[in-house]
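S.K.: Sharing a structure here in structure tokens format.
Values in this text are rule-based calculations from the coordinates and carry no lab data. Owing to the predicted nature of the structure, the values given are computational and were not obtained by experimental measurement. FYI the Cβ positions are ideal-geometry reconstructions off the backbone, even for glycines, and counts take in every protein chain you see.
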Amino acid sequence: MTLAVLGPKGTFSCELAEKIREENEEILLFSTIRDVFTAVLEKNIRGIVPVENSEAGGVGETLDGLLQTECRITAEYYMPIRHFFVSRYSPDEISVIYTHPQSHEQCSIYLNCLKDAAIIHTSSNAQSAKEAAVVSKSAAVTTKSAAKLYDLPILQEDIQNSKNNTTRFLEITAGVSHPDDPEKCSVVIIPRENRPGLLYGILGIFARQGINLTRIESRPSKEGIGRYVFFIDFETNRGWQETIAELKEITGVKELGCYRRKNYA
């Protein structure tokens, strides 16, 4: 068994993978979320990808992967997110801060107070720590595990804007499968035409069936200005299958999977 996640070691994705890995399951680390999707398809393994944060919103690279590949969602996880400000230098010596763009947004209040330091975005929280470990007079916004990995003193803990900061992760696989009693389903609405009332009609289907939407997000279809697709997550009830069938009668629909929330120790 193998589990594909965003690396390097020290990312939140890697921390979650360590908690949920099955016995003897190998963790493969990849440099981008897109690479995780590719590995899941080519190696027929499962992967873990972040999809949204309570502070910073949706993760575009994951949404693109769901839209553009045949990977399907098989489970979801919710992970409390704590950010740490780390450096080998005192605060008044720091001239540059490394941070992932999402972490920057999640810690914007704290970072906005550090006006004398330049902020440089990185590909992951672990990469931020790696840069701070070798660049003079630098600091990083990172995870506790990455701070330990690169031997970086913690100057301030819990610098995230909200104490309830949470990231939702998805488990993805190459095959289509779902439990007999899913808690949620995810779809992408891909409009066949741009006409008045289309979105109203789509939402009306859920309302008539008494189905609660837990998330709706528009994203450019990449087919021209003003053309969008809509990612929708909804709770299942006795009418969820009929709902998907009714949606397909009025618009394009890509089913991303029906699944349950999983817990971890």
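S.K.: Each residue of segment 6-12 in order: what ³J(HN,Hα) in whole Hz does its phi give by Karplus 6.51 cos²θ - 1.76 cosθ + 1.60, θ = phi - 60°, with x for Gly and Pro?
M.R.: With coefficients 6.51, -1.76 and 1.60, one gets 6, x, x, 4, x, 6, 5 Hz.
S.K.: Give the Rg/Rh ratio for segment 184-257, taking Rg as the radius of gyration of the Cα atoms and Rh as the Kirkwood radius, to two decimals.
M.R.: Numbers: Rg = 11.8 Å, Rh = 12.5 Å.
In segment 184-257, Rg relative to Rh is 0.95.
S.K.: Report the residue, chosen from 113, 71, 185, that carries the largest GNM mean-square fluctuation when the chain is represented by alpha-carbon nodes joined by springs under 10 Å.
M.R.: Checking each option, the largest mean-square fluctuation is seen for 113.
S.K.: For residue 27, what residues show an amide H to amide H distance below 5 Å, using hydrogens built from the backbone and excluding near sequence neighbours?
M.R.: 3
S.K.: Give me the tail of P(r) for the chain as a percent: Cα-Cα pairs with distance above 26 Å. The partial results should precede the final answer.
M.R.: Working: 16356 of 34980 pairs.
Cα-Cα pairs of the chain separated by over 26 Å account for 47 percent.
S.K.: Would you kindly work out the equivalent ellipsoid of segment 112-200 from its C-alpha gyration tensor and give its semi-axes, the square roots of five times the eigenvalues, largest first in whole Å?
M.R.: Three semi-axes, in Å: 40, 20, 14.
S.K.: Still on this model: Pull out a ≥ b ≥ c, the square roots of the eigenvalues of the alpha-carbon gyration tensor of segment 84-157, then state rounded if a/c is under 1.5, prolate if not and a/b is larger than b/c, and oblate in the remaining case.
M.R.: On the way: a/c = 1.40, a/b = 1.09, b/c = 1.29.
In terms of gyration-tensor shape, rounded.
S.K.: If we count every other residue with Cβ under 13 angstrom of residue 134's Cβ, Lys/Arg +1 and Asp/Glu -1, where does the sum land? Each step should come with its number before you reach the end.
M.R.: Details: positive: 88, 130, 137; negative: 131, 151.
Net charge around residue 134: +1.
S.K.: Using a Gaussian network model of the chain with C-alpha springs under 10 Å, which one of 90, 128, 13 is most mobile by mean-square fluctuation?
M.R.: The residue that fluctuates most here is 90.
S.K.: Also, I was wondering about something else. Taking Cα atoms, how many degrees apart are the long axis of helix 198-209 and the longest axis of the chain, rounded to 10 and kept between 0 and 90?
M.R.: The angle comes out near 80 degrees.
S.K.: Would you mind finding the longest exposed-site-free stretch of the chain, with exposed chymotrypsin sites (Phe, Trp or Tyr not before Pro) meaning DSSP loop and at most 16 other Cβ atoms within 10 Å?
M.R.: Maximal segment without exposed cleavage sites: 90-263.
S.K.: Excluding same-chain residues fewer than 8 positions from residue 254, which lysines have a Cα within less than 29 Å of its Cα?
M.R.: Cα-Cα hits under 29 Å: 43, 184, 222, 262.
S.K.: Between residue 144 and residue 114, what length comes free when the chain is fully extended (0.36 nm per residue of separation minus the Cα-Cα distance, one decimal in nm)? Display every interim value, and only then the final one.
M.R.: On the way: separation 30, 0.36 × 30 = 10.80 nm, distance 2.07 nm.
Stretched fully, the residue 144-residue 114 segment lengthens by 8.7 nm.
S.K.: Taking K and R as +1 and D and E as -1, what net charge do the other residues with C-beta under 13 Å from the C-beta of residue 38 add up to?
M.R.: Numbers: positive: 34, 43; negative: 35, 42, 61, 64, 70.
Value of the local net charge: -3.
S.K.: Which Cys residues of the chain have no other Cys Cβ less than 4.7 Å away and so no disulfide-compatible partner by this rule?
M.R.: Unpaired cysteines in the chain: 14, 71, 107, 113.
S.K.: Also: Taking Cα centroids, how far is segment 23-50 from segment 75-97 in Å?
M.R.: First find each Cα centre; the distance between them is then 25 Å.
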